[in-house]
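The values are calculated or read from the model by the stated rules, or taken from the named source; none is laboratory data. Just so it is clear, the structure is predicted and the values come from calculations on it, not from any experiment. Cβ placement follows ideal geometry from the backbone for every residue including glycine, while neighbour counts extend to all protein chains displayed. For accessibility, only protein heavy atoms count, side chains too; no ligands or nucleic acids. Shrake-Rupley method; radii C 1.70, N 1.55, O 1.52, S 1.80 Å.
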Number of protein chains: 2
Amino acid sequence: MSANPVLVEVTRGEMVESRHRGAVAVVDADGQTAAGIGDITRLIYPRSALKPLQALHLIESGASAAYQLGDREIALACASHNGQEQHVSAVVHWLERLGLDESALECGTHSPRRSFDREALLRQGKKPGPAHNNCSGKHSGFLTAALHGGHATEAYIARDHPVQQAVLALIGEMAGSSLREAPGGIDGCGIPVAGMTLEHLAVAFSRFVTGDGLAPTRASAARQVYEAMTNEPFLVAGTDRWCTNAIQAGCGAFIVKTGAEGVYCGAVPEAGIGVALKIDDGAHRASECAMGAVLSEISCLKAFFTNPPIELIRTPVKNVAGKTVGEIRPAAAFQQMITDVPG
Amino acid sequence: MSANPVLVEVTRGEMVESRHRGAVAVVDADGQTAAGIGDITRLIYPRSALKPLQALHLIESGASAAYQLGDREIALACASHNGQEQHVSAVVHWLERLGLDESALECGTHSPRRSFDREALLRQGKKPGPAHNNCSGKHSGFLTAALHGGHATEAYIARDHPVQQAVLALIGEMAGSSLREAPGGIDGCGIPVAGMTLEHLAVAFSRFVTGDGLAPTRASAARQVYEAMTNEPFLVAGTDRWCTNAIQAGCGAFIVKTGAEGVYCGAVPEAGIGVALKIDDGAHRASECAMGAVLSEISCLKAFFTNPPIELIRTPVKNVAGKTVGEIRPAAAFQQMITDVPG
C-alpha cells in the first residue's frame, strides 16, 4: 500500500516533531473529483462524519414532522456534542416527547468531553448517563424513526433493524455505491459502520448540497439538515469545538462534520462541493487542521470562506506552563493541491 | 522525505481503520545496529524517554548521595507518573528534604492522568499543583542537582542553567554525538529538548546497560538508575500504565520508558541492547504496541522476555458500551525485521 502524503505537521522549536499523512477528496457539482490528495479510492470508515447523511432518514421518513422536531433536534441528530448541559437537556426533552427516557438510548455512557462539565456534574453529585454520550442526538433520531415506522425501539442499533437497514441503504444511494458488500464493523456508539472510499463519501456530500439525482423529499430533507446545522452550530458540537467554530465562521457558506479516527467531511452549497478527508493515523488534531486548509486554501473553495480565522488552520502547541512551543500546521501537500486544480 | 513503514494497525470489524508509521533502532553491545525499521537517521525529539539518561547527572554529580536519595526518588526522577497520591506525596517529601516545597517546581501544573485521581482530588476540595505534573520527579532531581552544585534553583529549566548544560552534554556523550549544534525546542515541562537520531538514542541506551566507554562513576550511576526503575516500576508510571506493566512483566530483564509524541526507549542488559522508536504521527497507543512487538518478536530480544502478556502487544479497541470492536496490533514490518536480523 503506497503512502499518502503528509497533510499536517506538528512543530516544536526548530523542527517538525510529528507528521500526519492522509488523503482528501473534493468532488464538484458534476460528481467529478475537483481536487484530491493521496489515495481517495481506499476504504475508510466515515464514523460520525456521516451523521448529516444519517439524519436524512429521520426527515424523509416523516418521523421528524410527525414528532414536530425543529432545527435544534435535527442539529443534535447530526452532532458529536460535548455533553454540555444544553446538549443533554435538549436530548432528554426530545426523548420525553417520544414517551421515552435516556434508558432507551443504546449508545452507552461516557463522561462529558470538557473537564469543566465533568467537574460540574461531580459537584452536583450527579453521574453521566447515556444522554451525555456525544452521539445521544443521533440515537434519539433513530428512536424517533423506529417509533414512527412502528418498529421495536429495543435493539435499534442492530444491523438488521429496519432503521439501520434504511440508513445504510440511503448512504449507499447518496454515495452512488451500495454498501451491501462493504466490509463492516461496529461504531463507538454501537451502530453498524461500513467501509467507503473518500471519493464516494465526497460524492454523497456534494449531492447533499446540490440535490442532484435526489428524490424531491430527500433533496428537501438535505436542505433542512443543512439549515439546522448552520442555524444551531453550538448543538452540533459545543464550546471550543472546531465544528462549531468553523460553521459559525462560515456564516452559512458551508457545513463541516468531524468523525472519529481522523475523518472530516464538509459541503459548500454555492460551489456544489463535497469534501471528505481521513488522516491515516486517526489523529483528530490533524483532521481539523486539514479541513481548515481545504476550506481556506483550495482555489475552488476559498472564495466562500473569506477571512478564515487563523486558529481554524494553525493551532499553537503549548507546554504545561502555557508557553507556545510549536504549532500544528498544514503541510506543503495543500499547496500542491491548489496548483493541480483548475482555478 | 521517504515514508517510514506502517508499524501498527488499528482494526475495526472487517478492516484496518487506522495506520501508524514509524521507525525503530535496535543497537547491540558493539554499538552496531542489530535491527532497524524505517529511517533511523532522521532527527526526532526524545522527550520524556530521555529521563533515565537525564537522571544520571543527579547521581554522578554526587547530589543523590548527598541528599541520601534511594530507589524511590531515582525511579521518580525517571518517571512520567500518573500523579497518583503515592507519586505526589513522595515528590513532596523529597522537596521537603531539600528545604523546598512544590512552588519551587517550574514544570507547570496539570491534573492527574486518571479520572479516578482527578475526581478524588475534587471530592477532597483540593486542586492539583506542580507536584501532580507527570515530570515532577525529574524536576525534583534537577533542583537537587542545582542545590548540590551551589547553583540557583530559580530558572533551573533554562537552557543556560548549569544543570541543563550538564545534562545536555551528558546525553551527547552517551549518544556519541554532541547536541551542541542540534535543533532545539522546549519540552512540555519547560526544559530544553534537542533533536537526535533514533540510532544515536539507541546507542545511548545500549551504553546505559553495557557501561561500554563510560567513566566508572557514570557506569555505576547507570546501574543505580536501572535498579531503581526495575525495583520501583509503579513510581515510574503507575496504575494501568504500559511502562509499569512491562517492567513488572520483564522481572528485571529490561527497562522501558515512554516519551510524548510517540517515542519509546528501552534497554536489555543481558543482550547489551538499546532500543529507540518513534511513531511518526506521535501516537502513544502505537508506540506502546510497537515497543511490545520489539521486545517480544525480535529474535535477539525475545529470549529475555518469555511469556510476554498479550495485552502488552495487542490491545482491544472497545466501544462506549464496552464491546470489543477492533484491535491495536503490530503490523507486518516487525516480521520483516526479524528475518533481516541474524538470529
Inset, instruction - Place a label point 7 angstrom from the Cα of B:A65 along the Cα-to-Cβ direction, then list the residues of segment B:211-249 whose backbone nitrogen is under 16 Å away. - result: B:215-225
Legend entry - Solvent-accessible area lost in complex, 20 Å² minimum, residues of segment A:171-203 relative to chain alone, 1.4 Å: A:P183, A:G184, A:I186, A:G188
Inset, instruction - With only Lys, Arg, Asp and Glu charged, each at its Cβ (+1 for the first two, -1 for the last two), find how big the charge dipole of the protein assembly as shown is about the Cα centre; round to the nearest 20 debye. - result: 740
Legend entry - Area buried, chain B against chain A - accessible surface, total, 1.4 angstrom probe, square angstrom: 3600
Inset, instruction - List the residues of segment A:292-328 whose accessible area drops by at least 10 Å² when all protein chains are present, compared with their chain alone, using a 1.4 Å probe and counting only protein heavy atoms. - result: A:N319, A:V320, A:A321, A:K323, A:V325
Inset, instruction - For chain B, set up a Gaussian network in which alpha carbons nearer than 10 Å are linked by springs, and say which option among B:T11, B:T153, B:T230 fluctuates the most. - result: B:T11
Legend entry - Intensity falloff of segment B:146-254 expressed as log10 I(q)/I(0), Debye formula with alpha-carbon point scatterers, at q = 0.12, 0.19, 0.23 Å⁻¹: -0.54, -1.22, -1.26
Inset, instruction - Name the residue, out of A:P269, A:P216, A:P46, whose mean-square fluctuation peaks in a Gaussian network model built on chain A with Cα pairs under 10 Å. - result: A:P216
Inset, instruction - Principal axes first, then extents: for the Cα atoms of segment A:65-131, list largest minus smallest coordinate on each axis, whole Å, largest first. - result: 38, 21, 19
Inset, instruction - Would you kindly calculate the mean projected area, averaged across all directions, of the convex hull enclosing the Cα atoms of segment B:253-308, in square nanometres? - result: 3.4
Legend entry - Volume in Å³ per residue [convex hull over Cα atoms, computed for segment B:190-311]: 122
Inset, instruction - Leaving ligands, DNA and RNA out of it, report the carbon-plus-sulfur percent of the accessible area of the protein assembly as shown at a 1.4 Å probe. - result: 49
Legend entry - chain B, dipole about Cα centre (Lys/Arg Cβ +1, Asp/Glu Cβ -1), debye to the nearest 20: 640
Inset, instruction - Give me the percent of Cα-Cα pairs in segment A:152-207 that sit more than 13 Å apart, rounded to a whole number. - result: 60
Inset, instruction - Could you name the aspartates and glutamates whose alpha carbon sits less than 13 Å from that of B:K278, not counting residues in the same chain fewer than 8 places away? - result: A:E17, B:D39, B:E199, B:E261, B:E288
Legend entry - Å² of accessible area per residue within chain B, as computed with a 1.4 Å probe and no ligands counted: 37
Legend entry - Rg and Dmax of chain A, Cα atoms only, in Å: 19.4, 62
Legend entry - Listing of segment A:260-282 residues, each with accessible area lower by at least 40 Å² in the full protein assembly than in the chain alone (probe 1.4 Å): A:E261, A:D280, A:D281
Legend entry - Average Cα contact separation per residue, segment B:83-203, under 8 Å, 6 or more apart, as relative contact order %: 21
Legend entry - Estimated D of segment A:249-343 in µm² per second, where Rh is the Kirkwood radius over Cα pairs and Stokes-Einstein applies at 4 °C, 1.567 mPa s: 92
Inset, instruction - Considering Cα pairs under 8 angstrom that are at least six residues apart, work out the relative contact order of segment B:185-343 and quote it in whole percent. - result: 17
Legend entry - Rg ratio (alpha-carbon, reference 2.2 N^0.38 Å) - segment A:24-164: 1.19
Inset, instruction - Counting residues in the protein assembly as shown as N, plug N into 2.2 N^0.38 Å and put the Cα Rg over that result. - result: 1.00
Legend entry - Residue of A:R47, A:R314, A:R207 that the Gaussian network model of chain A assigns the largest fluctuation, springs spanning Cα pairs under 10 Å: A:R314
Legend entry - Average beta carbon contacts from partner chains per residue of A:4-17, 10 Å cutoff: 5
